[in-house]
Structure formats: C-alpha cells, structure tokens
Amino acid sequence: MLEIKYELSENLKEKPKDETKLGFGHIFTDHMFVMNYDEGKGWNNARIVPFGNVELSPAAMCLHYGQEIFEGLKAYRTADGSVQLFRPDENFKRMNVSAKRMVIPQIDEEFCLYALKELLKIEEEWVPHTEGAALYIRPFIFATDPYVGVKPADHYLFMIILSPSGAYYSTGLNPVKIYVESKYVRAVRGGTGFAKTAANYAISLAGQEEAHQQDYEQVLWLDGVEQRYVEEVGSMNIFFVIDGEVVTPLLTGSVLPGITRKSAIEICKKKGLKVSERKIAIDEIAKAYDEGKLDEVFGTGTAAVISPVGHLKWGDKIMTINDNKIGKISQMLYDTMTGMQWGKIPDEFGWIVPLKD
Ligand SMILES: *Cc1c(COP(=O)(O)O)cnc(C)c1O
C-alpha cells in the first residue's frame, strides 16, 4: 500500500459558527488528499496537504475533452460525538466502474477508503455538530496531460475535498416540483449514464434551466431513444409507489446506480414491501395517477436522502401526488436511513463504518 505524506496547514480557518447556515458546497476544510497517476509508475505521491489551488497547464486534457469522474458521500456525527460513514466502500467501487467507462486508471479501493479516513481524522472537528448537517466528501479524478489531442491521458490527479453542508431540509421534508423533460435527453444506450462523470451534468444544464424558468426545481429524464421510459432525476434516482407496490427503473446502463437507491430497495424488501425494478413508461405513471393508484413518488440520493415529489408535470398534465405531502413509505425510508446515518437507530445491515474502530 502507498504511504501517505502529511503536510499540515499552519493557518487553520475559522469554522462556521452558525451550522444552520452552511448551505451546500461553498465552504472547504483546511486540508485535502491528493495523489498522482503517471503512466508506467501507477498511482504515486499520496499526500494530505493544505486545501488550495491546483496548478494546471491550459492544455490539460480534462479542460478540453472532459476526462473526469467523481463521487459524493458524507461523514455524520452521532449523539456521542463520534463520526461515521454510510457504505463508503460502495462509493469507491462505483468510482472504479466510472473510471473504466472513461478510460481512467483503476484505483485501489481499500487504499482510497483508508486515505479518506486519514483525511477525516485530521478534519474531524469540521464534521458539523448540528442535527441534519454533515461533512460532504467529494473524491474526484481528472486528466492533466498538457496535450490538445484526443486520447486517454497518461497523467491524472485523484483528490478528496471536504465541505461542511447544512441540513437539506431546514423546514421539514417539503415535496419538490418536477418537470418531465421531453425535449432534451441525458443519456443513451451505450453512453455514459451509469458513470458519475462531469459530462452527464454538463449535458443536463439546459433542461434544468428551462425547468427553473417554469418554476420547477428538477427534471425527470426519459430514455434517450423513445423518450417514453422513466430514467432518473438530475442527481437522484426515482421511485413510484403504484397501488402499494414500490417501483423503480431498472438499471439498463443509462441510469446512475445510486447507493441510496440500492439501500432503499434493500430496506423495502426487509420490511416485506413488494419492490420491483423494471421499465416504467411515463404514460403508465399518468394512467396510474388518473386511476388514483399513484400513491407516492420520491427521489433518492446522498444529498437529500429521500426527496418526496409533490408535483409532476408532463406536457400539459400536472399530477399532484399524495396531496403534496410526504407519503408513508417515503417517510419510513427517510427515518430508517437518516436514523442509521446519525446513529439514532441500530444498523441491521452492516452499512455503517465508524471513523475510528
Ligand atoms: C450521484 C447520483 C445519484 C445518486 O446516487 P447516490 O449514490 O444515491 O448518492 C443519482 N443520479 C445521478 C445522476 C448521480 O450523479
């Protein structure tokens, strides 16, 4: 295993005083983890250094052809003050799946989790103490070769940065308004939909902008071929409860395999609910709605955990779900997952990884 070098900052920043005003993604901690990849040498020069700018050639390949992948997870503080992670091994495993698709070299998953824990031990005080707030963790890899030609790069940087983030729901679990996208598509068969890569977000911005202009918060993407089958929401997977059955789109390569999605499925099964992963046409959703069988709609993702959907707009049709209130299954999943993450309920699944064992 690589050895990590430590260069600790002499000017520690002041930590945010009001943890109810953290927001998301603006504040970064004192240190970051960095390592290099060089063809022929592999991953090398693993180090924890003060958080700061990166020097890049203007010709750096990531800037021109977008060879980049990332992950997102959180560190949670429990009532006894200890810090823990939720299924972090799954994030590094998925990072390697994304890496393969984007022709980025594989990482040593175990080493990366060890490096993350080492960084977190140094930054432990940055994990918020306020209920619902957490330390967001962003590992990412990008191509750095100074070369303006198209090919997989020979040099990369892997970094982990940390950002304290506020409670997603400061005023309770408010349902979101979602707009079914029928003009743009996010992913196609054989494309990069299943990889956590910057390109998938760049491609989604135009649709997102148009949804915002119509006062909708997020878009629901349909498949890229027929624009008929439901795929996912911006940065969340989507679930429907139809006539008591929990249904979510099958992972066919154009949907990001969310860890929250996977956990929600496992929890529902354990609770004895009927769950199915299958193709779901948007007209099937509209029909279920008209027949009064669309009980709940919710998104799943690390940021919000569970995000109930109150309004779904498809063309001229506006569906109001469960009177714009959170449903029973959505609430159960939210309580179970956040309960485990903040250490309020026992972890029956073996998903919690304490920072210090
Ligand atoms: C990260 C992400 C998700 C959610 O994945 P989690 O592992 O549950 O956080 C869903 N969709 C997209 C496009 C994503 O990038």
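The values are calculated or read from the model by the stated rules, or taken from the named source; none is laboratory data. These numbers come from a predicted model, not from an experiment. Virtual Cβ from ideal backbone geometry, glycine too; neighbours counted across all protein chains shown. Accessible surface is based on the protein model in full, side chains and every heavy atom, while ligands, DNA and RNA are left aside. Shrake-Rupley method; radii C 1.70, N 1.55, O 1.52, S 1.80 Å.
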Open item on the list: Quick check for you: with a 1.4 Å probe and neighbouring chains kept, what is the accessible area per residue of the chain, in Å²?
Closed with: 46 Å²
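Using 0.36 nm per residue, how much length does the chain from Phe349 to Asp316 gain when fully extended, once their Cα-Cα distance is taken away?
Details: separation 33, 0.36 × 33 = 11.88 nm, distance 4.29 nm.
Gain on extension, Phe349 to Asp316, equals 7.6 nm.
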Task: Percent accessible area from carbon and sulfur atoms, the chain, protein chains only, probe 1.4 Å - done: 52 percent
Task: Rounded Å value of the spacing that divides the Cα centres of segment 132-151 and segment 343-357 - done: 29 Å
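Please give the FRET efficiency for Leu250 paired with Glu10, using the beta carbon to beta carbon distance and R0 = 56 Å, rounded to the nearest 0.05.
That pair, Leu250 with Glu10, gives E of 0.60.
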Task: Distance from segment 212-283 to segment 174-207 (C-alpha centre basis), Å - done: 13 Å
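Tell me whether segment 115-212 comes out rounded, prolate or oblate; compute the Cα gyration tensor, take square roots of the eigenvalues as a ≥ b ≥ c, and use a/c under 1.5 as the rounded threshold. Could the numbers behind the result be given before it?
Values: a/c = 3.06, a/b = 1.08, b/c = 2.84.
In terms of gyration-tensor shape, oblate.
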Task: On Cα atoms only, tilt of 259-270 relative to the major axis of the chain in degrees - done: 50 degrees
Open item on the list: To the nearest 20 Debye, how big is the dipole of segment 5-165 about its Cα centre, given +1 on the beta carbon of each Lys and Arg and -1 on that of each Asp and Glu?
Closed with: 360 debye
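If you place +1 on the Cβ of every Lys and Arg, -1 on the Cβ of every Asp and Glu, and leave all else neutral, what size is the dipole of the chain about its Cα centre, to the nearest 20 Debye?
Working: 40 positive and 50 negative charges, 106 e Å.
Using only the charged Cβ atoms, the result is roughly 500 debye.
Do any of Lys177/Lys270; Lys93/Lys183; Lys183/Lys313; Lys100/Lys151; Lys196/Lys287; Lys15/Lys325 go past 24 Å between their Cα atoms, and which? Could you put the intermediate results ahead of the total?
Numbers: Lys177/Lys270 30 Å; Lys93/Lys183 33 Å; Lys183/Lys313 14 Å; Lys100/Lys151 14 Å; Lys196/Lys287 33 Å; Lys15/Lys325 36 Å.
Lys177/Lys270; Lys93/Lys183; Lys196/Lys287; Lys15/Lys325, as the Cα separations exceed 24 Å there.
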Task: Whole-Hz couplings from phi, Karplus 6.51/-1.76/1.60, listed for segment 298-307; x for Gly and Pro - done: 8, x, 10, x, 4, 4, 9, 6, 10, 10
Task: Angle between the chain longest axis and helix 88-101 axis [Cα atoms, degrees, rounded to 10] - done: 90 degrees
Task: Accessible heavy-atom area order of His155, His26, highest first, probe of 1.4 Å - done: His26, His155
Task: Amide H contacts of Lys74 (H built 1.01 Å from N, under 5 Å, at least 5 apart or other chain) - done: Phe86, Ile137
Task: 13 Å cut-off, amide nitrogen to a point 7 angstrom out along Gln227 Cα→Cβ, residues in segment 194-220 - done: 207
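So, by mean Cβ neighbours within 10 angstrom, what's the order for 227-240, 306-319 with the highest one leading?
Working: 227-240: 22.3, 306-319: 18.6.
Top of the packing list down: 227-240, 306-319.
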TODO: Give the peptides 82-92, 5-15 in descending order of average Cβ contacts within 10 Å, highest first.
DONE: 82-92, 5-15
Task: For peptides 202-213, 56-67, sequence by mean Cβ density within 10 Å, most packed first - done: 56-67, 202-213
TODO: Give the angle, between 0 and 90 degrees and rounded to the nearest 10, that separates the Cα long axis of helix 328-341 from the longest principal axis of the Cα atoms of the chain.
DONE: 20 degrees
TODO: Taking amide H positions as placed in the peptide plane 1.01 Å from N, state which residues far from Ser82 in sequence (5 or more) or on other chains have amide H under 5 Å from it.
DONE: none
Open item on the list: Let me check against my output: what whole-number percent is the relative contact order of the chain, with C-alpha pairs under 8 Å and at least 6 apart?
Closed with: 18 percent
